[in-house]
Amino acid sequence: MSQRKGISLCDPQIGEGEKQALCRVIDSCWLTMGERVAEFETRFAEMHGRETAVAVNSCTAALHLALAAIGVGPGDEVLVPAMTFIATVNAVLYTGATPVLVDIESETRPHISLEHAQSLITPRTKAVVIMHYGGYLMDLDKWSDFCRQRGLVLVEDSAHALVTGRVGQVADVSAFSFFSNKNMTTAEGGMVMAKDPEVLNRAKCMRSHGMTHSTLERDRGRVFSYDVVELGQNYRMDELRASIGLVQLESIREWNERRLELTGLYREIVAEKMPEVVVPFENGHETSAHILPVILPESSDRAAIMAALRKEGIQSSIHYPPANKLSYHRERWFAGVSLPNTEEFAGRELTLPLHPGLSDSDVVAVLAELKKNL
Ligand SMILES: *Cc1c(COP(=O)(O)O)cnc(C)c1O
């Protein structure tokens, strides 16, 4: 669907259905927080075995609300991965709590390590945020037991994984992303789900200034005024985005399947043609196949490989520069924090193109070019 030439890293699957949905919203003249937002919340929740959810304008907002709604605040510590997009860590900072970085298990399993997490627990630890790196699901039972036994809240940053396995069903609170490079998109957008209806209601209230009643309710004459019961934000989703989301939900399962198929092809060719390259996680690990990370041999020059791929019109990326290495975070929050596995992984990881619009021959072309430059 891309108008661009070459092989892009990710490509939103968007077309006629979304265009028509947008036109219908414009014709309806109700632009935000209306029936489409409500329908999107219900449908998304149902696809995750829940009754309802709270739609917001980003996953960053969803993470902030999730943490705020469970009562994380100043004086609390929250265990978070360093191998994640920085929004995961920032959400903790927004609440006034202290993020404590957890190292990954190993370079072939970039999930946070339970042993390391255990060693970081203090009487102030309130919650653990897990992130399904690349869409590869964390062991939800293991982490939910870990949290229950220690009285901690389990928060799930599910930006990479949706409509997959038991995502959204086990953690206490879950945050999803519909940014344009994710498995489905609303251009910008996010969703919060929670086990406890009271937590979800609190997130809903905080989404819109801590107000007790929405504009829609007032428009329908159910109530004539409102009260503000806590400090909220404006994290609302609009009808245009929700209408795109509803169209996207119709295809998400199919897109996830195609991503998985392409991942299988990548794994097969890498194993056969360049065994010195490692694809993290095993074949068969439950995943939404959000990205295709590989670990380059120690001797490879990653920057040179990325430049060579770019010359052939092939986009690549790095997921992620670790949180303890970014200037602001290193200087202000994580001075002296060293995470050997995370840093080793971050130094050698390369993300290759993966999206449902890729053909099998695109995968073959990407890997041929990679092999040439290893
Ligand atoms: C994309 C992403 C986010 C932030 O999502 P936005 O919707 O862009 O705010 C948070 N965490 C992870 C792991 C992500 O990949």
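Listed here are the residues, each with its yes/no results for (1) touching a helix residue (DSSP H, G or I) at 6+ places or on another chain (Cβ under 6 Å); (2) open to solvent by less than 40 Å² (accessible area, probe 1.4 Å).
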| site | (1), (2) |
| --- | --- |
| Gly17 | yes, yes |
| Glu35 | no, no |
| Thr42 | no, no |
| Thr52 | yes, no |
| Ser58 | no, yes |
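Among residues of the stretch 122-145 that are more than 16 Å from the ligand (Cβ to nearest atom), those with a beta-carbon under 7 Å from a residue that is in a helix (DSSP H, G or I) at least six positions away or on a different chain give the pairs Lys142/Leu114.
Of all residues in the stretch 103-119, none satisfies being over 30 Å from Val278 (Cβ atoms), in a loop (DSSP other than H, G, I, E, B), more than 16 Å from the ligand (Cβ to nearest atom) and in contact (Cβ under 8 Å) with a residue 12 or more places away in the chain. Checked against the criterion of being touching a strand residue (DSSP E or B) at 6+ places or on another chain (Cβ under 7 Å), among the small types (Gly, Ala, Ser) and modelled with pLDDT of 95 or more, the candidates Gly190, Gly245 yield just one match: Gly190. Candidates in the stretch 147-176 are the residues that are open to solvent by less than 10 Å² (accessible area, probe 1.4 Å) and in a strand (DSSP E or B); of these, the one that is farthest from Gly71 (Cα to Cα) is Phe176.
Among the residues of the stretch 94-128, those identified as touching a Pro at 6+ places or on another chain (Cβ under 7 Å), among the β-branched types (Val, Ile, Thr) and open to solvent by less than 40 Å² (accessible area, probe 1.4 Å) are Val102, Ile104, Ile112. Note on the stretch 185-197: among residues that are more than 12 Å from the ligand (Cβ to nearest atom) and part of a loop (DSSP other than H, G, I, E, B), the one that is least open to solvent (accessible area, probe 1.4 Å) is Asp196. Is there a residue in the stretch 202-211 that is open to solvent by less than 80 Å² (accessible area, probe 1.4 Å) and assigned to a loop (DSSP other than H, G, I, E, B)? Checking the stretch 202-211: at least one residue is open to solvent by less than 80 Å² (accessible area, probe 1.4 Å) and assigned to a loop (DSSP other than H, G, I, E, B).
Selection of first residues in the stretch 178-193 that are at positive phi and of second residues that are within 10 Å of the ligand (Cβ to nearest atom), restricted to Cβ pairs under 7 Å at least 6 apart or on distinct chains, gives the following pairs, ordered by first then second residue: Ala187/Ser180; Gly189/Asn57; Gly189/Ser58; Gly189/Phe178. Just one of (1) touching a His at 6+ places or on another chain (Cβ under 6 Å); (2) open to solvent by 10 Å² or more (accessible area, probe 1.4 Å) fails for Ala91. It is (2). So, of the residues in the stretch 335-374 that are part of a loop (DSSP other than H, G, I, E, B) and of a type in the set (Ser, Thr, Tyr), which turns out to be least open to solvent (accessible area, probe 1.4 Å)? Going through the qualifying residues, I end up with Ser359.
Exactly one residue out of Val223, Val229 is touching a helix residue (DSSP H, G or I) at 6+ places or on another chain (Cβ under 8 Å) and open to solvent by 60 Å² or more (accessible area, probe 1.4 Å), and it is Val229.
The values are calculated or read from the model by the stated rules, or taken from the named source; none is laboratory data. These numbers come from a predicted model, not from an experiment. Quick reminder, even Gly has a Cβ in these numbers, built from the backbone with ideal geometry, and neighbours come from all protein chains shown. Accessible surface areas use protein heavy atoms only, side chains included; no ligands, DNA or RNA. Shrake-Rupley method; radii C 1.70, N 1.55, O 1.52, S 1.80 Å.
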